[in-house]
Amino acid sequence: MLKSAIKGRLLSKDEVIELLSIKQDDITMSLLHDLFAYRKNTNPRFAPNDFFYLEKGVLGNSERIKTTTGKYIFNLLVLYPNIIKHTGYFNRALDKGGIGKIQSDLGSLVLQSVLPTEEQAIFIDKMQWLAFGIAKFINASLTHEMLIAPEEVTKRKEELVEKHKEALEKGDLNTVNKIEKELIGLAKGIMQDVPDYQIYASGARGSFGNNYKNTSIMRGAIKNLADPSKVKVSTTSLDEGIPPEELPYYADLLTQASYQRAVGTQDGGYEGKKLGAAFQTIVLDDKGTNCGTKKFLKIILDGRYAKLFLYRYIKVGSQLVLLTPDNIDSYTNKVVELRSAIYCTGDQICNKCAGDLYYMMGIRNVGLLANRVGTSILNASLKAFHDMSLKMVDLDIDKYLD
């Protein structure tokens, strides 16, 4: 892929007419190959990031917008004709965040019975066909340029390692994290114009802060398997090679990663079984029930997690208000009084304390969902096999004390 394809080019008037003449039924893998694939002696007619201006109302857009050929094909194939009536033209980047947004919006439409579940199935089928079909000729491949750290990064690493030599020898995690954060930020700024950076930027696979860092910048902190309170700091990258004196620490990494997958997963499995046994008898009361409790859970409806409280009831004045996609923004980042199962006084959890979500999903035996905690632990152990980096997190204790 050429560097010029990253930012795209403005399509000519004739090219826009050609693109807009494509009908949904015209979109085959053969057509997509002709439009976007590099071949031995032939360049594609378009790049996914080539851009143009789509006039108002052409494909669910409420105004004239700047969009790209890739987004246009996505909207035409995947969202048209039924979903786009409700979502409008989707003009966000089709990365992990963008795809997550459209999936979330679609899920909400299905929950509210605005769209039938059949439309969700069609969406999934089209998404799978499009994404997996074009991957072989549109996705970037790792190149030498992406695997080798830029000279600026290497030079800055040498300066930081020398400056903090004593702290690194002591295994100071705070220092290690600060050095890694600076080097990762510097590398990102330099590498973002390299075509294969999209492997990381898309969010689909690989982590710049883990995979790229370990491969091209530095391995960082490694836990001592014999004494977990101690760490060894490796300032070399895999590209530079493993120093012979650090081989025992890398062996620890292999052991710890394998342990998480082979043994650590049993913790999550066991927790899931315990939770299932303990909560299996907890069920919801009938739709519309209200235990009448006078107690509420006072929380800040943090904007980062507000959607987790959709279809729950909050107290507004003397009334109970159901949080929906239409009104939740009015309460986001504010202190609200939430009805919660913690304070439910019914023999079974009433509708107002549980919220409407489980009823909308047809779930009454909510206690069985408690095993999701065990599943999360199990998945964390599986993921640890791929990422054994040590991280530090700043905690403000005042946020957890009332």
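Computed quantities for the displayed model
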| quantity | calculated |
| --- | --- |
| Filter result (in a loop (DSSP other than H, G, I, E, B) and either in contact with an Asp or Glu (Cβ under 6 Å, 6 or more places away or on another chain) or surrounded by 13 or more Cβ atoms within 10 Å (Cβ to Cβ) (or both)) within region 296-307 | F296, L301 |
| Among residues of region 331-347, those that are crowded, with 18+ Cβ neighbours inside 10 Å and either within 25 Å of G272 (Cβ to Cβ) or free of Cβ contacts under 8 Å to residues at least 24 places away in the same chain (or both), counted | 2 |
| Subset of region 44-60 (residues that are more than 22 Å from I134 (Cα to Cα) and in a loop (DSSP other than H, G, I, E, B)) | E55, K56, G57, V58, L59, G60 |
| Members of region 155-180 found to be within 21 Å of M191 (Cα to Cα) and either in contact with a helix residue (DSSP H, G or I) (Cβ under 8 Å, 6 or more places away or on another chain) or at pLDDT below 95 (or both), listed by number | R156, K157, L160, N177, K178, I179, E180 |
| Filter pass, Q128 being of a type outside the set (K, R) and more than 28 Å from L32 (Cα to Cα) | no |
| Residue in region 267-288 that is modelled with pLDDT of 90 or more and either under 28 Å from the mean Cα position of the chain (by Cα) or under 25 Å from D172 (Cβ atoms) (or both) present | no |
| Qualifying positions in region 192-222 - within 21 Å of the chain's Cα centre (by Cα), over 23 Å from I242 (Cβ atoms) and of a type in the set (A, V, I, L, M, F, W, C) | I199, A201, A204 |
| Test for G60: is it within 30 Å of L310 (Cα to Cα) and touching a Phe, Trp or Tyr at 6+ places or on another chain (Cβ under 7 Å) | yes |
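Let's see how each residue does on (1) at pLDDT 90 or above; (2) loosely packed, with under 13 Cβ neighbours inside 10 Å; (3) within 30 Å of K181 (Cβ to Cβ):
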residue	(1), (2), (3)
D356	yes, no, no
Y359	yes, no, no
I363	yes, no, no
L369	no, no, no
V373	no, no, no
L382	no, no, yes
I397	no, yes, yes
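The values are calculated or read from the model by the stated rules, or taken from the named source; none is laboratory data. Being a predicted model, the structure only gives us computed values, none of them experimental. Positions of Cβ are backbone-derived with ideal geometry, glycine not excepted, and every protein chain shown enters the neighbour counts.
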